[in-house]
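Here's the structure, in structure tokens; my notes come after.
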Amino acid sequence: MSRSEAWSSLEGMTRNSTSKSPVTLLGLGAMGTALARTWLAAGYPLTVWNRTPDRAEAVAGAKVADSAHEAVAASGLVVVCLLDDESVGAALADVDLAGKDLVNLTTTTPAQARARAEWAEGRGARYLDGGIMAVPPMIGVPEAGGYVFYSGSRELFEVHRDALAVPAGTRYVGEDAGFAALHDVALLSGMYGMFAGAAHAFALIRREDIDPVAFAPLLADWLAAMAQGVHGTAAQLKSGDYTEGVVSNLAMQVAGTPTFLATAEGQGVSPELIEPYFALMRRRLDVGSGEEDLTGVVDLLLR
Ligand code: FVH
């Protein structure tokens, strides 16, 4: 590198580190600590606070505040990553939020997120809610594919976009503060359905001479292939025509369910995870929807 290149590179580094606005982070649990480390590594001046002060030892380089009040006063952007909505209320109870940009990455319900947005705005803050689609080891590792859903103040999101993009990808899903939590919980609920199916599958082979380690890739590949079906479901929900592009209709699938139940019985496996889904399929068939896809089950769930 020539002298002039080295100088301009040094200038660039200085400009970058001085142009980064300070960030305050409340909460140094597993996730908060991972977040903190990425902001520090990226050169953001970071102030942290945690209810149990010892945990701040894990984030060398951050300024450690003695109280949530002091931490919030230190930066315009205040990120909160605590256990639940109750802990957010407790941590911020006596804190002056006027003029602050509050980003709440704590997992909550959509209703709690909306109420928290109203609460924060009532105290003079702009509010953005976040739903983290990552586990701590994925934070600060772009190739891991983690990201955060954001919803609420678009202005806040745009102003702090660069800082918010440091720990993980960002996906803004609307002005409704509850939407990030709703997307988060919807995806995780889908995940638990998948885990339930996988648990049933493993139970079926559990007592046989079948190596679960050899079985796992078969199951994973099958689930990944079948997961693509959600695009067809979405298209049908949008058009309202549940017979559009049907490959395996409901009547055929319901006819196959006794085989699954008899197999479970034969293997000494409880059908409690799959039977509720089959019951919904039968209910939909009973109203004359045999030519449809499985999409009608979605409507049966709506109370
Ligand atoms: N860890 C994960 O895999 C998931 C990934 C997806 C998103 N979640 C959510 O992130 C929030 C924080 O999770 P976490 O992993 O950091 O959780 P913990 O390690 O258990 O740390 C909890 C922090 O909350 C503080 N805290 C708890 N109660 C209070 C309170 N009443 N007042 C003030 N702070 C409180 C706790 O402080 P301390 O116990 O160290 O004193 C920790 O800082 C969460 O919503 C996940 O669902 C993580």
(message) Explain nothing, just the number: relative contact order of segment 184-300, from Cα pairs under 8 Å at least 6 residues apart, as a whole percent.
(response) 33
(request) Using a Förster distance of 30 angstrom, determine the FRET efficiency expected from the C-beta separation of Ile205 and Ala144, and round it to 0.05. (result) 0.50
(message) Can you tell me which lysines have their Cα less than 19 Å from the Cα of Lys20? Leave out same-chain residues fewer than eight positions away.
(response) Lys63, Lys100
(request) Work out, step by step, the length gained on full extension between Glu275 and Ser248: first 0.36 nm times the residue separation, then minus their alpha carbon distance; give nm to one decimal. (result) 7.8 nm
(message) Quick check: from the Cα gyration tensor, does segment 137-249 come out rounded (a/c under 1.5), prolate or oblate?
(response) oblate
(request) Determine, from the Cβ-Cβ distance of Glu121 and Ala255 and an R0 of 45 Å, the FRET efficiency 1/(1 + (r/R0)^6), rounded to the nearest 0.05. (result) 0.25
(message) Within 13 Å, Cβ to Cβ, of Val173, how many net charges do the neighbouring residues add up to if Lys/Arg are +1 and Asp/Glu are -1?
(response) -2
(request) Could you check the simple spin-label distance between Ala111 and Met226, using points 7 Å along Cα→Cβ, in nm with one decimal? (result) 3.3
(request) Starting from the Cα gyration tensor of the chain, take the square roots of the eigenvalues, sort them a ≥ b ≥ c, and report rounded, prolate or oblate (rounded when a/c is under 1.5, otherwise prolate if a/b is larger than b/c, else oblate). (result) prolate
(request) Using amide H atoms built 1.01 Å from N in the peptide plane, name the residues 5+ places from Lys63, or on other chains, whose amide H lies under 5 Å from its own. (result) Leu46, Thr47, Val48
(request) Give the calculated FRET efficiency between Ala93 and Thr52 to the nearest 0.05, with a Förster radius of 22 Å applied to their Cβ-Cβ distance. (result) 0.80
(request) With label points built 7 Å along Cα→Cβ from the Cα atoms of Leu83 and Leu188, find their separation and express it in nm. (result) 1.5
(request) Can you tell me which of 268-280, 79-91 comes out highest on packing, and rank the rest after it, using the mean Cβ neighbours within 10 Å? (result) 79-91, 268-280
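Computed from the coordinates by the stated procedures, all read-outs in this text should not be read as laboratory data. What you see is a predicted model, and the numbers here were worked out from it, not measured in a lab. Note that each Cβ is placed from the backbone with ideal geometry, even for glycine, and that neighbours are counted across all protein chains shown.
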